[in-house]
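Read the structure below first, then the notes.
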Amino acid sequence: MLFWALLALVLLNTVVLAWLALRKHDAQHDQLRLQQEEAARQQLLSAMAAQTQNMERALRQEIAESGRSARQEASQSLATFQQTLVQQAAEATRTQNSQIDAFGQQLALLQKTLSDTLTLQLGNVSESNARRMSEIRQTLEAQLAQLQTSNAAKLDEMRSTVDEKLQSTLQARLGESFKQVAERLEQVHKGLGEMQTLAQGVGDLKHLLTNVKTRGMFGEAQLASLLEQVLVPDQYAAQVATKPGSKNVVDFAIKLPGKSDSGEPLWLPIDAKFPNEDYERLLDAQGRADVLAAEAAGKALELRMRLEAKSINEKYVEPPYTTDFAILFLPTEGLYAEVLRRPGLMESLQRDHRITLAGPTTLLAILSSLQMGFRTLALEKRSSEVWQVLGAVKNEFGKFGDVLAKVKSQTETVLKTLDNAQVRSRAMDRALRKVESLPDTQAQTLIAMDSGDLDGEIG
């Protein structure tokens, strides 16, 4: 109500101010009247302010009384509710106590009944088990006594039999075992001698491989053996200066089809390298499980391979006299596998120095591929020559047909002459049938005398 009263006063003030604004233009003519109206307005405003204050005080008093009455009612309701809850809780507690007491009496009675029943049953079961155990014990004791007696007799028989067999078998086995031991000891002795010889040979080989020149010769010899197995001597050359005017010679170079501008063959350089010291240090560090030493040896081996690849590229690769790449041959599969294990090393050598790594197996595969290419090119190159040879054979075959016709005519003439001679022979045979034949010895003597006289006349 206070809010609406204040709102009414504000609206009234607004209406009065609007009315005053509308009448402002008549101020010159109605100044006296305006002063009266102003005084009336002041009186009205004072009355309204007093009325508003009275209303505000009344509203405040009414609100305070309403709050006090509401609080009193709430406190009375809360006290009533609390008293009701206390009464209900007490009633519930008394009911639960009575139920618990009854349930406890029932449980006690049930427990006593169960205890008596279980005690009786356990007593009966115990007596029955005792009787059965006594019977079982007596039966077992009797059976065990019989079993012991029987086992003792059988064991005596088995002991005598086993002793006899063990004696004979042991003697035979001991004889055979001593014989086998003697033979094995002799074989071990021979094996130790062979191992000593082999260790001496390995030591000699290791001593030889410590020499750089010897290692180089070993790699070159293995490379030469692989080339000889796959290629013919005309398809490769040894100790070739692939760069014109250079004194550096590569171990081996393969002649590829095609020639340079100067007429020289196109070479594929192959150089053998055997960095045994770095590889041995790496294997030794790996065998000792020394991670730092193995890493250092691996980096040294990688640096050595990079230097060797750079050297081969600078010394032997010179397009168009050679291919734009060369092959670095590692003579052992273990060394080749270890180099391949280095991350990115093979790709780096191919990209930076145009060098391709190859072990014995890899190089054999490369050479086999090249040999197949050589054969294909040779077949293509010789195809025209084959056609020329076939043309010449065709001409000669025509001449051979003429000669064969002449031989046929001459053969037919000879056959006719032989037929005539056979006819004459049969006629002479018919004419000589009436002549008496001489004995074989006399006939041979006469034929021999006639032959000797004929020889003398001829001489």
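The values are calculated or read from the model by the stated rules, or taken from the named source; none is laboratory data. Note that the coordinates shown come from a computational prediction; the quantities given were computed from them, not determined experimentally. Neighbour counts are summed over all protein chains in view; Cβ atoms, including those assigned to glycine, are modelled from backbone coordinates with ideal geometry. Quick note on the areas: whole protein, heavy atoms, side chains included, nothing else; ligands and nucleic acids left out. Shrake-Rupley method; radii C 1.70, N 1.55, O 1.52, S 1.80 Å.
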**Fill in**
Residues whose built amide H sits under 5 Å from the amide H of Y236, excluding neighbours closer than 5 in sequence, are K255
**Fill in**
Here region 235-250 yields Karplus 3J(HN,Hα) values (6.51, -1.76, 1.60; θ = phi - 60°; whole Hz; Gly and Pro given as x) of 8, 8, 8, 10, 6, 10, 8, 6, 8, x, x, 9, 8, 7, 10, 7
**Message:** Run the numbers for L140 and L107: contour at 0.36 nm per residue of separation, minus the present Cα-Cα distance, in nm.
**Reply:** 7.2 nm
**Prompt:** If amide H atoms are built 1.01 Å from N in the plane of the peptide, which residues on other chains or at least 5 residues away come under 5 Å of the amide H of T322?
**Reply:** W267
**Message:** Show me, for region 326-340, the HN-Hα J-couplings you get by feeding each phi into the Karplus relation (A = 6.51, B = -1.76, C = 1.60, θ = phi - 60°), rounded to Hz, glycine and proline as x.
**Reply:** 9, 10, 9, 9, 9, x, 10, 5, x, 5, 4, 5, 5, 5, 5
**Request:** Give, in nm to one decimal, the length gained when the segment between Q235 and A182 is fully stretched (0.36 nm per residue of separation minus the Cα-Cα distance).
**Result:** 13.2 nm
**Prompt:** At Q121 and Q83, where each label point lies 7 Å from the Cα along Cα→Cβ, what is the point-to-point distance in nanometres?
**Reply:** 5.8 nm
**Request:** Quick one: which residues, 5+ away or cross-chain, put their amide H under 5 Å from the amide H of L357? H built at 1.01 Å from N.
**Result:** L328
**Message:** Whole-Hz ³J(HN,Hα) for each residue in region 142-147, computed from phi via Karplus 6.51 cos²θ - 1.76 cosθ + 1.60 with θ = phi - 60°, x for glycine and proline: what do you get?
**Reply:** 5, 5, 5, 5, 4, 5
**Complete:** L345 neighbourhood, Cβ < 9 Å, K/R = +1, D/E = -1, net charge +1
**Complete:** Note to self: with every protein chain in place and a 1.4 Å probe, region 211-357 gives an accessible area per residue in Å² of 51 Å²
**Request:** Treat each spin label as a single point 7 Å out from the Cα along the C-beta direction, and report the S66 to K399 distance in nm.
**Result:** 14.8 nm
